[in-house]
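The values are calculated or read from the model by the stated rules, or taken from the named source; none is laboratory data. The structure displayed is predicted, hence computed values, not measured ones. Ideal geometry is used to build each Cβ from the backbone, glycine not excepted, and the neighbour counts take in all protein chains shown. Note: accessible area is taken over every heavy atom of the protein model, side chains too, but ligands, DNA and RNA are not part of it. Shrake-Rupley method; radii C 1.70, N 1.55, O 1.52, S 1.80 Å.
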Amino acid sequence: MCPTRDQISLLEQISRLIGESHDFRGTVDNIVSLVKREMHTDVCSLYLYNDERDHLALAATEGLSRSAIGKVKMRPSEGLTGLVFETRTPLVVQNADKHPRFRYFPITKEEHYHTFLGVPLISRRNPIGVLVVQDKGERSYTKQELQLFNTIAGQVAGVVVNARLLNGLSMDAAAPKPVAEIAHQSRLLHGIPAAPGIAMGTAIILEGPDDFHYLMEKHSDDPEQERKFLDNAVAEARTEIEKLQRRVHEQLGEEDAAIFNIHLMMIEDQGFTQKVDDLISSGYTALYSVKTVVSDYLNSFDNINDPYLRERGVDIEDVGRRLGRLLSGSGSEDAMFIEKAGILVSRLITPSDAASLAGQKVEGVATAGGGHTSHAIILSRSMGIPCVVGIDEILDIVHSGDFLIVDGNMGTVFVNPDESIVREYRRLTEDYNRHVVELVSERDLPAVTLDGYRVELMGNVGLLSDLKLTSFYGAEGIGLYRTELPFIARNVLPGEDDQYRIYRRMVEGSMGKPVTIRTLDVGGDKNIPYLKMPKEDNPFLGWRSIRMCLEKVDIFKVQIRAILRAAIHGSVNIMIPMISSMEEIRRVKILIEESIRELEVSRVPHDPGVPVGIMIEIPAAVHLADRLAKEVDFFSIGTNDLTQYALAVDRNNPKVAHLYDPMNPAVLSLIQMTTKAARDNGIPVGVCGEIAALPLWTPLLLGLGVTDLSMNAAAIPLVKRSIRLIKHQDCVRAARRALKVGTSSEVRRILSRFETMIKTQVYFSPSEGKS
């Protein structure tokens, strides 16, 4: 039974009230007023439970005397409201004043109300209050209305628990703690959730090494001596990295240790050392030359929009700092030693920092910089250390010895919270541990809807080290293997044998599961200097990706041959990005055939039957999808670029970023056109953009006809659970309705029927244990 438009509008209005308000009292007052008006009842009231005093208190009302707020209190064993609280189930009573549990409070003047409906507020499977509506006459409620009240109660429960967490709010509505007092006692900082879990402990401030980015220009009259300094530093750095890699291999495994391959690759890269040598020849010191070259690298990485690739810049900085420390004579091994258990707070955590934490007493990590896919964070996840990153102001606010709560699920850090917040988080920690056990127990279950629609869930990766997470979270293969990093991290083109070795390790590491390898996708924001890519006014619409590869045929065929050779070691697909015309894909197929013949002539083992698919990320490809589908073996929709190109929006431009909305009906129509073409031609179609990782998007994508989703590995358990809770036929109906409306807000309104279920049964958050 679908909710009516008015009921969906009510839920939307409540969600908007919650999202826009930062005042608990005003929020609940507005909610009860809204429910009374929209549901045409005579009274709507909210009662909250005070566990310390073991009573329910009237917290908000519209219809009863407002003077009763905070004064009407009852034990859970008293009154109809107490009966709802005790039984934890909704209760409808006609002639309420004649019920044996009815209790009359003169101050409320509620003897005039005969119909009573009470719905419990539940958090972590425990009641925390009751939402009550009353009517003067006799009234019956439909099943649909009861479901609506249950949903509203869930929304209100989230407001109550979040208020208790944020403000130390007493559940006795008569005496909420003043906000000014809470602000003096504690701070709540917001960042990016990077490694899941909850940690509590004392702040340990990590004072990073002197920032060598600020080294002043320094000259030397002895370039030969500077070259010796550089050679010695490179040799020592190699020894340190290999030692660190062995330690990580012993403690965490081969995949995590592989993170440091890129560090070794960089210091051994002839292009990198040649750039440093050139500066030394120009009269600069080795230290300043390293600083300059590393800074150039970092500037290139900072300009990359893809967060996964951009965060690889931290690896470059890590190597630069290591060489800088060795060249400045600041000592050899720089592993951190943490004397006591606590929460590590720093500007940035590098992979070397994170690796040195293994086996130490670090309970959690909070940083000013970094992103959730950096290698340091990947190591933190492997070690089970909760982590929040991107808190710009943290080093200005947190001091050594402050008590912190790091919530790696929500991306928040509490600084010196009061006891009520600490007590709540101790309970949440127990709930979170149970939640993790539940998700892990579902890892090997298929992603299949209640009515049998099967979806394949794949992982997005860029390095061998990512495989450990995809395996841990239950990925059914690799849906997107980005091959750009070995090209970006070097100053010379990786040869066929180099690429073959890299791809072979990825394929073998996938243990027979399919690996979809995307061919070189550079240009736009991913510049590779040694390819001599031209400066363009609009690089995103310029010479990039397959357009570049079809001009630099030798580079493209080297990569294709390497992939075909690696394919004999497992299940491999080739995926071509940025296709916009039939001519392009036909030219690609000719070059693949030429590569196969060259390997045959050379008698090099390879797989000539590797499936070839394309990314659909340009509107032109959508309009050609029916014809393109006859040329290829699969489609993968890159929703990030497709949305940008369809809406003519640069999402990194703050002036227009608000217009970037994949839920725009125009974008949905493009996705539907693509899936229809794929279905009509009998080929699979997936999504590998950011929305694939968002459970709230899952019903819409399934309804539009998507057959597989590829995402950040950590999102797989959440998306899988959302799939297993829904019916495909409901998704199809919702998608059909979404394709008929004209605005994103109307699409979201259609999806609201899935939203509460997903928030309460898929996610973990303070509002419901799962949110």
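Numbers for the structure displayed
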read-out	value
Meets criteria (surrounded by fewer than 19 Cβ atoms within 10 Å (Cβ to Cβ), assigned by the TED database to the domain that holds residue 34 and of a type in the set (Ser, Thr, Tyr)) for residue 151	no
Residue within region 33-41 that is more than 38 Å from the chain's Cα centre (by Cα), more than 27 Å from residue 139 (Cα to Cα) and either modelled with pLDDT of 90 or more or among the basic types (Lys, Arg) (or both) present	no
Top-ranked residue in region 416-473 [being acidic (Asp, Glu) and in a loop (DSSP other than H, G, I, E, B); ranked as surrounded by the fewest Cβ atoms within 10 Å (Cβ to Cβ)]	444
Search result, residues across region 734-749 that are without any contact (Cβ under 8 Å) to a residue 40 or more places away in the chain and within 23 Å of residue 718 (Cβ to Cβ)	734
Residue selected from region 46-69 under the condition small (Gly, Ala, Ser) and more than 41 Å from the chain's Cα centre (by Cα), by the criterion modelled with the highest pLDDT	63
Only one of 183, 174, 233 that is surrounded by 14 or more Cβ atoms within 10 Å (Cβ to Cβ), among the aliphatic types (A, V, I, L, M) and modelled with pLDDT under 75	174
Long-range neighbours under 6 Å by Cβ, at least six apart or interchain, first residue open to solvent by 10 Å² or more (accessible area, probe 1.4 Å) within region 611-627, second assigned to a loop (DSSP other than H, G, I, E, B)	611/633; 612/632; 612/633; 618/580; 620/580
Qualifying positions in region 566-603 - over 34 Å from the mean Cα position of the chain (by Cα) and crowded, with 17+ Cβ neighbours inside 10 Å	592, 595, 596, 599
Close pairs from region 416-434: first without any contact (Cβ under 8 Å) to a residue 40 or more places away in the chain, partner open to solvent by 20 Å² or more (accessible area, probe 1.4 Å), Cβ under 7 Å, at least 6 apart	none
Test result for residue 97, over 40 Å from the mean Cα position of the chain (by Cα) and without any contact (Cβ under 8 Å) to a residue 24 or more places away in the chain	yes
Pick from region 123-143, criterion under 34 Å from the mean Cα position of the chain (by Cα) and surrounded by fewer than 18 Cβ atoms within 10 Å (Cβ to Cβ), ranking: modelled with the highest pLDDT	126
Given (1) modelled with pLDDT of 90 or more; (2) among the acidic types (Asp, Glu); (3) out of contact with any Leu (no Cβ under 8 Å at 6 or more places or on another chain), index of the condition residue 438 fails	(1)
First in region 578-607 and under 26 Å from residue 637 (Cβ atoms), second anywhere and of a type in the set (Phe, Trp, Tyr), Cβ under 7 Å, 6 or more apart	591/556
Boolean, residue 148 is at pLDDT 85 or above, of a type outside the set (D, E, K, R) and assigned to a helix (DSSP H, G or I)	no
Total residues in region 251-293, condition under 24 Å from residue 466 (Cβ atoms) and either modelled with pLDDT of 85 or more or assigned to a helix (DSSP H, G or I) (or both)	16
Selection count, region 662-719, where residues are modelled with pLDDT under 95, of a type in the set (A, V, I, L, M) and closer than 19 Å to residue 742 by Cα	1
Matching residues, region 195-216, being modelled with pLDDT of 85 or more and in contact with a helix residue (DSSP H, G or I) (Cβ under 8 Å, 6 or more places away or on another chain)	198, 200
Any strands (runs of 3 or more DSSP E) falling wholly within region 353-413 and containing at least 2 residues that are over 16 Å from the mean Cα position of the chain (by Cα) and either modelled with pLDDT of 85 or more or buried (at least 24 other Cβ atoms within 10 Å of the Cβ) (or both)	362-367, 403-407
Enumeration of residues in region 682-719 that are under 21 Å from residue 577 (Cβ atoms), of a type outside the set (Ser, Thr, Tyr) and open to solvent by 20 Å² or more (accessible area, probe 1.4 Å)	683, 684, 690, 693, 708, 712
Residue under evaluation residue 332, criteria (1) closer than 18 Å to residue 260 by Cα; (2) at pLDDT 65 or above; (3) small (Gly, Ala, Ser), criterion not met	(2)
Filter result (open to solvent by 10 Å² or more (accessible area, probe 1.4 Å), of a type in the set (A, V, I, L, M) and in a helix (DSSP H, G or I)) within region 720-749	732
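Conditions (1) in contact with a Leu (Cβ under 7 Å, 6 or more places away or on another chain); (2) on the phi > 0 side of the Ramachandran plot; (3) open to solvent by 40 Å² or more (accessible area, probe 1.4 Å); (4) at pLDDT 90 or above, marked per residue:
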site	(1), (2), (3), (4)
6	no, no, yes, no
14	yes, no, no, no
24	yes, no, no, no
31	yes, no, no, no
44	no, no, no, yes
88	no, yes, yes, no
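This table checks each residue for (1) aliphatic (A, V, I, L, M); (2) modelled with pLDDT under 95; (3) touching a Cys at 6+ places or on another chain (Cβ under 6 Å).
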position: 620; (1), (2), (3): yes, no, no
position: 633; (1), (2), (3): no, no, no
position: 649; (1), (2), (3): yes, yes, no
position: 653; (1), (2), (3): no, yes, no
